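The values are calculated or read from the model by the stated rules, or taken from the named source; none is laboratory data. Note that this is a predicted model, so its numbers are computed, not measured. Positions of Cβ are backbone-derived with ideal geometry, glycine not excepted, and every protein chain shown enters the neighbour counts. Please note that ligands, DNA and RNA were not included when accessible areas were found on the heavy atoms of the full protein model with its side chains. Shrake-Rupley method; radii C 1.70, N 1.55, O 1.52, S 1.80 Å.
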Amino acid sequence: MTDRTLDTGTAYGRPRPTHRAELTEVGAGTPMGELLRRYWHPIGLAADANATPRKVRVLGEDLILFRDGAGQPGLLYPHCAHRGASLYYGKVEARGIRCCYHGWLFAAQGHCLEQPCEPEGGRARESARQPWYPLEERYGLIWAYLGPPDRKPVLPRYECLEQLADGEMLEADDHSIGGGGPQIIDCNWLQHYENLVDPFHVVILHSSFSGTQFVEQMAVMPQVTWDVQAHSVRTLSVRKLPDGKTFRRISEAGLPTLRVIPNPRVGSYGMVESLGWILPIDDHHFRIYVVGRVKEKGDLHRMRSRLGGKLWEELTEEEHQRYPGDYEAMTSQGPIAHHSEEHLATSDRGIVMLRRLLQRQLEVVAQGGDPAGVFFDPDTPPVKFTAGNFLEG
Ligand code: FES
Ligand SMILES: [Fe+2]
């Protein structure tokens with residue numbers, strides 16, 4: 001026996017990492033997939049539904065989006081009810097979409113209107129309904145409900161998008177990740193949802209590590225508290241600024257995937273100016289739709305972060321290493337973060353609260369109830385948030 005000390009903590013023999021499947025996986029029949037299917041989700045900009053069939057992937061389901069000649073958008077299961085050719089190759093007509101193979105015509109709600117190769121245009125065509133999902137349009141976005149029809153809630157309105165000041169208008173955008181990144185982000189949606197209740201990464205990742213990605217005052221280490229609201233986890237970050245003023249910033253992660261984050265570039269103070277919805281595409285990809293109050297069309301796009309003075313897509317690989325943002329941090333956690341390897345600390349209290357809020361909704365749905373944040377009375381007033389940037393003193 002020598003007196004040589006053994007190395008401890010090496011990577012050798014470490015356990016295989018695992019993730020919290022119930023919180024992350026979104027396919028039909030999974031706990032989170034069923035919870036998310038109780039809410040409306042934006043699946044495209046209004047202009048994405050047009051006369052050219054478009055593939056969309058939502059919660060692990062492949063679907064075809066189009067808009068018929070009467071202006072009605074449709075979202076259909078891709079494989080034609082006849083013998084399965086994809087409606088991606090269909091032709092959009094006045095009353096619906098026609099399959100390229102044998103010409104069956106389907107309306108936006110899946111009704112089969114014509115079967116041109118069948119006697120009398122198809123005597124039993126009513127029995128060949130193409131599976132479809134309900135859609136609504138609001139705020140420049142197309143919203144889909146992929147859940148059980150008897151639980152379909154009202155599509156919400158939001159106070160911060162209903163109250164426009166003079167000279168303001170609404171704009172919708174489909175390319176937005178706070179610290180820069182591509183339109184489709186290749187990691188699990190929960191990684192971004194948790195990022196919303198993580199105000200400390202703003203001080204490190206966005207303010208010191210990669211230079212100032214937002215504005216100088218974000219580099220001040222805040223005093224942070226979190227609280228759980230009926231349908232969100234709220235973060236209050238209080239900063240004492242060098243001029244003696246107090247900067248209070250409230251952000252929220254709203255159910256089910258809502259990003260209620262006031263502008264981190266703090267152009268002006270007041271109520272949150274935009275809402276973002278994280279759309280889980282499947283277990284390993286998500287994207288974000290945003291609607292905001294703007295002064296001019298294009299403002300949401302102009303707000304995009306610069307990293308080392310460049311847009312994310314202009315960076316070389318080495319610059320991505322030198323100026324990492326949310327994309328680099330979140331996707332490098334893995335396609336789905338390794339929850340078994342985490343060491344949650346005091347600064348992660350918001351993340352623990354958010355996971356518990358989700359966990360409670362999973363239980364409610366499993367017991368046959370309706371999750372928080374859905375409502376069925378069309379006269380329900382717009383949803384309110386308290387998020388914003390506020391200056392005091
Ligand atoms: S497969 Fe679509 S009409 Fe035959
Ligand atoms: Fe961020």
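Among the residues of region 233-243, is any open to solvent by 60 Å² or more (accessible area, probe 1.4 Å) and of a type in the set (A, V, I, L, M, F, W, C)? No, region 233-243 contains no residue that is open to solvent by 60 Å² or more (accessible area, probe 1.4 Å) and of a type in the set (A, V, I, L, M, F, W, C). On the basis of being open to solvent by 10 Å² or more (accessible area, probe 1.4 Å), in contact with a Phe, Trp or Tyr (Cβ under 9 Å, 6 or more places away or on another chain) and aliphatic (A, V, I, L, M), does Val266 make the cut? In short, yes.
Scan region 16-38 for residues that are open to solvent by 30 Å² or more (accessible area, probe 1.4 Å), closer than 26 Å to Val154 by Cβ and in a loop (DSSP other than H, G, I, E, B) and the total you get is 3. Selection of region 334-371 for residues being part of a loop (DSSP other than H, G, I, E, B) and either surrounded by 17 or more Cβ atoms within 10 Å (Cβ to Cβ) or within 16 Å of ligand 1 (Cβ to nearest atom) (or both) yields Ile336, Ala337, Pro371.
Only residues that are farther than 21 Å from Cys117 by Cα and either within 16 Å of ligand 2 (Cβ to nearest atom) or surrounded by 19 or more Cβ atoms within 10 Å (Cβ to Cβ) (or both) were counted across region 67-88, and they come to 6. Checking each residue in region 130-183 for being β-branched (Val, Ile, Thr) and either within 16 Å of ligand 1 (Cβ to nearest atom) or buried (at least 20 other Cβ atoms within 10 Å of the Cβ) (or both) picks out Ile142, Ile177. Scanning region 278-312 for residues that are open to solvent by 10 Å² or more (accessible area, probe 1.4 Å), in a strand (DSSP E or B) and not β-branched (Val, Ile, Thr) yields Asp282, His285, Arg287, Arg293, Lys310. Filtering region 184-230 to residues that are open to solvent by 20 Å² or more (accessible area, probe 1.4 Å), in a loop (DSSP other than H, G, I, E, B) and in contact with a strand residue (DSSP E or B) (Cβ under 6 Å, 6 or more places away or on another chain) leaves Ile184, Asp186, Val220.
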